[in-house]
Amino acid sequence: MYKSYYPKAAEIDRQWLLVDAKGETLGRLATKLAALLLGKHKPSFTPGVELGDFVVVINSQQVAVTGTRIHSKLDEKMYHHHSGYPGGLKSITLRDQLKLHPDRVIRAAVWGMLPHNKMGRHLITRLKVYAGSEHAHIAQNPRLVA
């Protein structure tokens, strides 16, 4: 009988990775980021174990949206959030969200590809998204990922 390998906490090596979103397609970028957060790129990947790295995304304002209906997608795709009060549902289009809060577009796309449980909520905290090319994680010396 073979036992599965379960990495110990001391064996987990987390790195800081830098991803440039300029010109990247939103969905393809989100799948790459979700895999990095889950740790699927590591040979020691084990489902249910948090092996992923910290990911810093820059230039999120310049992410691309493709498809057969690009212009209508920018106006028809809606992002919703609720204040918690009756009648507190607020909606915003993808076009306006990219102008006002481009980090939320990438965060929502990545969150849709992570497990919706306690582990996924912890993994999404390791994702740092910035609209421009400046970020606050220079001290961690993030490695650029293509």
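The values are calculated or read from the model by the stated rules, or taken from the named source; none is laboratory data. Source: prediction; values computed, not measured. With ideal geometry, Cβ positions are generated from the backbone for all residues, glycine too; neighbour counts draw on all protein chains shown.
Considering segment 75-89, and only residues there that are in contact with a helix residue (DSSP H, G or I) (Cβ under 7 Å, 6 or more places away or on another chain) and modelled with pLDDT under 95, the residue that is nearest to Ala108 (Cα to Cα) turns out to be Lys77. Taken over segment 32-62, the criterion of being β-branched (Val, Ile, Thr) and at pLDDT 95 or above is satisfied by Val55, Val56, Val57, Ile58. Looking only at segment 33-62, residues that are touching a residue at least 40 places away in the same chain (Cβ under 8 Å) and either surrounded by fewer than 16 Cβ atoms within 10 Å (Cβ to Cβ) or within 23 Å of His137 (Cα to Cα) (or both) come to 20 in all.
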